[in-house]
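In what follows, a single structure is set out as structure tokens and then discussed.
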Amino acid sequence: MWIEFWGACALACALLFAPGFVVLRALRVSVAPSFALAPLLSIAAYGVMGMILAWVGVPATTATVALPPLGASLVLLAVLAHRRRDPDRRVGATAAKAPELFVSGAHELPIFCLYVVMGVAVTCVMLVSNLDGPASFIQAWDNVAHFNLVRSMSESHVWSTLTTTYYPGVAAGIDPFASSTGSYYPVAWHLVAVMLVDALGVPVTLAANATNVVIVALVYPSSAYALLRVAFPRRQRVVAYGALCCLAFASFPWNMIVRWTLYPNLMSFALLPAEAAALMAAIGPSRSARTRLIAASVSLCGGVTLFLTQPNAVFSVAILLVPYLAWRLWEHHAPAIGGRRALGYVALFLGLAALVWVTLYQAPFMQAVVQYFWQPMMGLHDAVEGVLDASFVGGKSQSALALLLLLGVVAGCVRPCNRWLVASFAFSAVLFVVAVSGDDVPLKHLLAGFWYTDPYRVAAMTAIYAVPLASLGLQVTADGAGRVVSALTDRLLAGRFRIAPQRVVSIVLAALFVVGVFGAAAAAAPCTAQAGADDDADELAAISQQMVNKNYAGGRAGYNAEKSAFVDQVLALVGPDAVVLNEPYDGSVYAYGVNGLNAYYRYMSGYGTGGETRQSRSLRLALSKLCGLSRPDVASALAQDDVQYLMILDQYGDLGGQFPPYEPAQWIGIESVTDETPGFEVLLSQGRMRLYRIVGTQGTE
């Protein structure tokens with residue numbers, strides 16, 4: 001199956017990069033920026049194709065969604081190449097000259113390749129080597145939604161972000177909340193995964209892992225390259241050091257995979273630096289209007305992509321962009337009109353930005369998001385300390401990164417052109433402190449509400465904005481060490497030998513950084529499943545161990561390998577179309593998304609609240625009374641929803657520990673069914689797991 005996994009990774013890479021790369025190369029953007037920005041265009045195209053196909057009623061497949069954008073990009077490349085070859089169509093030497101999206105030089109491609117190499121190497125160490133097989137998965141609340149949506153999209157061939165559901169097609173009739181008419185949900189991550197399932201026939205969970213691997217190994221490093229290339233256009237060593245720093249922070253991307261499985265936000269935050277870079281290239285100093293137009297077009301597509309992936313990334317981009325725009329206003333106006341008047345323009349702009357923020361915060365369509373409340377996870381002092389030691393949400397201190405970040409902040413404050421980076425990081429850090437320590441007060445919702453007041457999301461954003469500063473800090477360290485070594489060698493060698501200590505020091509420092517930050521995790525990989533936490537292990541080594549433990553199928557109490565195998569037996573016996581009643585909190589909430597069983601209950605929560613169907617309530621509360629005379633509604637519900645089987649994966653088990661929303665009283669009708677209950681015939685029995693045929697429906701209505 002590992003061959004299938006690497007094939008899925010290769011296809012995911014082609015899907016994410018190929019169409020956008022061809023378009024940007026057709027527009028004569030250089031190779032590295034074309035690769036870095038390509039996913040912004042590719043994902044937007046797939047999302048639009050998915051909505052168009054759903055609107056016209058054409059089934060979505062990998063071919064119908066991916067081939068039109070790729071074909072259009074190749075046509076554009078051919079047309080523009082032909083126009084450049086035709087002398088009659090040449091406007092002049094200026095038009096023929098290739099404009100660059102970013103300031104580039106001889107070292108651009110080697111530096112970009114360093115990002116790719118580091119991204120692939122670190123991802124293999126931290127993620128791939130710690131999987132319990134290519135189709136393993138982490139049992140977590142959000143993964144129920146991720147796997148169910150990918151399965152639903154695969155079965156229905158409806159891939160529109162506007163009509164998502166867990167119950168596609170005829171299964172809409174058994175939806176306990178009758179919501180399968182479809183609703184908006186950002187599905188860009190799911191689009192990539194379902195294209196792998198559709199094209200290769202791989203399991204949903206394998207497609208999920210392959211998608212995440214490509215995001216972490218290639219999408220995010222190349223995106224970070226784009227941001228650092230714009231932020232430090234003439235400081236190649238800072239950009240190069242970014243290749244070492246971008247995957248070094250635990251809060252992003254690693255916490256978004258192992259501690260809080262927010263895969264759509266993983267993708268949106270991975271694309272965030274590239275979108276910010278495109279916007280900055282559009283509004284920043286440029287050598288040509290065409291470069292601005294290309295950058296603006298890319299950023300527009302990027303906005304669509306973020307809407308399709310996770311819209312809170314738009315607000316994250318604003319946190320980076322507003323300080324940059326304020327600095328650009330100052331830089332542009334101060335020499336001409338004086339510092340005081342320029343400061344007034346900056347203050348006016350910041351006031352307008354704050355007004356937009358408050359207006360969106362008060363918008364009715366945002367209330368479900370901004371009013372969501374996360375309980376404080378730590379006190380104010382610990383929250384501030386989490387920022388200062390780069391541990392953020394309660395992890396172990398990343399001291400080396402914290403020191404480099406501090407040096408980068410100081411250096412950024414000294415250099416006027418980098419102060420906006422410090423401001424973005426500082427504001428994001430304030431949002432994190434409020435999110436992780438604040439009580440349920442309006443200020444917390446106003447500042448952190450666009451991220452559900454979720455400390456993990458805000459910490460991830462803050463870690464992304466720490467990368468340029470840590471890279472700057474690494475360069476400051478290398479420069480200081482280089483000067484010391486140069487002075488020592490000059491004194492010791494008295495100028496008798498010509499050496500280049502700065503280059504040697506940079507290489508040595510980079511090697512020490514890589515070993516110091518990633519060495520413990522690399523030495524431990526692959527870790528032993530279910531090993532206890534090592535108190536002496538650093539943060540990335542601890543995350544590596546958690547990656548192993550949470551992916552280990554035999555160690556999951558909720559939905560382990562044994563339960564999954566039993567569900568496969570059930571599926572082989574009853575077929576994919578038979579409706580199987582289930583108790584979701586015994587682990588079977590994963591049975592549809594992971595295994596493809598047509599399970600009745602697919603939601604993690606919401607039962608017993610408004611909007612639930614009458615049939616669902618009857619089955620939950622009174623199924624065991626099927627053959628009695630007191631509850632004819634049970635037989636009616638079974639007949640109306642065509643339910644023929646009941647599956648129980650943990651009879652008499654303790655379900656609440658693995659699934660906190662579980663309330664026993666809400667499931668008494670299912671849980672009280674035993675082998676002796678009239679109306680139920682045992683078809684499969686293994687330990688505490690059962691499959692019953694429901695036979696007691698006749699004559700009871």
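The values are calculated or read from the model by the stated rules, or taken from the named source; none is laboratory data. Only a predicted model underlies this, so the values are computations on that prediction, with no experimental measurement involved. Please note: Cβ atoms are built from the backbone with ideal geometry, for glycine as well, and neighbour counts cover all protein chains shown.
Observations
- Any hit, segment 360-367, residues being within 15 Å of Leu443 (Cβ to Cβ), touching a helix residue (DSSP H, G or I) at 6+ places or on another chain (Cβ under 8 Å), in contact (Cβ under 8 Å) with a residue 40 or more places away in the chain and not hydrophobic (A, V, I, L, M, F, W, C): yes
- For the residues Ala326, Ala278, Ala353, the requirement of being in contact (Cβ under 8 Å) with a residue 24 or more places away in the chain and buried (at least 24 other Cβ atoms within 10 Å of the Cβ) singles out Ala278.
- Failed item, numbered, when Asp534 is tested on (1) in contact with a helix residue (DSSP H, G or I) (Cβ under 9 Å, 6 or more places away or on another chain); (2) modelled with pLDDT of 90 or more; (3) not polar (S, T, N, Q): (2)
- Test: Asp142 is acidic (Asp, Glu) and surrounded by fewer than 21 Cβ atoms within 10 Å (Cβ to Cβ): yes
For (1) over 24 Å from Val239 (Cα atoms); (2) among the hydrophobic types (A, V, I, L, M, F, W, C); (3) out of contact with any Ser or Thr (no Cβ under 9 Å at 6 or more places or on another chain), each residue gets a yes or a no:
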{"position": "Phe365", "(1), (2), (3)": "yes, yes, yes"}
{"position": "Asp382", "(1), (2), (3)": "yes, no, no"}
{"position": "Ser391", "(1), (2), (3)": "no, no, no"}
{"position": "Lys396", "(1), (2), (3)": "yes, no, yes"}
{"position": "Ala400", "(1), (2), (3)": "no, yes, yes"}
{"position": "Leu403", "(1), (2), (3)": "no, yes, no"}
{"position": "Val409", "(1), (2), (3)": "no, yes, yes"}
{"position": "Arg415", "(1), (2), (3)": "no, no, yes"}
{"position": "Trp420", "(1), (2), (3)": "no, yes, yes"}
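- Scope segment 109-119; condition touching a helix residue (DSSP H, G or I) at 6+ places or on another chain (Cβ under 7 Å) and under 14 Å from Ala224 (Cα atoms); matching residues: Ile111, Phe112, Leu114, Tyr115, Val116, Met118, Gly119
- When Asp538 is tested against (1) in contact (Cβ under 8 Å) with a residue 40 or more places away in the chain; (2) surrounded by fewer than 24 Cβ atoms within 10 Å (Cβ to Cβ); (3) under 30 Å from Ala523 (Cβ atoms); (4) within 23 Å of the chain's Cα centre (by Cα), just one condition goes unmet, and that condition is (4).
- Residue satisfying condition, being part of a loop (DSSP other than H, G, I, E, B), at negative phi and either buried (at least 18 other Cβ atoms within 10 Å of the Cβ) or modelled with pLDDT of 95 or more (or both), within set Val393, Val422, Val436: Val393
- Those residues of segment 551-565 which are in a helix (DSSP H, G or I), out of contact with any helix residue (DSSP H, G or I) (no Cβ under 6 Å at 6 or more places or on another chain) and either surrounded by 19 or more Cβ atoms within 10 Å (Cβ to Cβ) or not hydrophobic (A, V, I, L, M, F, W, C) (or both), in sequence order: Asn551, Gly555, Glu562, Lys563, Ser564
- Counting the residues of segment 120-170 that are of a type in the set (Lys, Arg) and farther than 19 Å from Val65 by Cα gives 0.
- Restricting segment 466-509 to residues that are not charged (D, E, K, R) and not in a helix (DSSP H, G or I), the residue that is modelled with the lowest pLDDT: Phe497
- Selection from segment 561-605 of residues that are under 23 Å from Pro664 (Cα atoms), modelled with pLDDT under 95 and among the hydrophobic types (A, V, I, L, M, F, W, C): Val589, Met604
- Residues that are surrounded by fewer than 21 Cβ atoms within 10 Å (Cβ to Cβ) and in a helix (DSSP H, G or I), drawn from segment 566-601: Asp568, Gln569, Leu571, Ala572, Leu573, Val574
- Test result for Ala553, of a type in the set (A, V, I, L, M, F, W, C), under 21 Å from Ala207 (Cα atoms) and at pLDDT below 90: yes
- Matching residues, segment 50-62, being free of Cβ contacts under 8 Å to residues at least 60 places away in the same chain and under 19 Å from Leu16 (Cβ atoms): none
- Selected residue (only one of Met366, Met378 is in the same structural domain as Trp260 (by TED's automatic domain parsing), closer than 13 Å to Ser437 by Cβ and surrounded by fewer than 19 Cβ atoms within 10 Å (Cβ to Cβ)): Met378
- Yes/no for Ala342 being buried (at least 16 other Cβ atoms within 10 Å of the Cβ) and either at pLDDT 95 or above or closer than 20 Å to Tyr220 by Cβ (or both): no
- Positions within segment 398-455 being in contact with a Leu (Cβ under 6 Å, 6 or more places away or on another chain) and under 21 Å from Thr359 (Cβ atoms), in sequence order: Leu431, Val434, Leu447, Ala448
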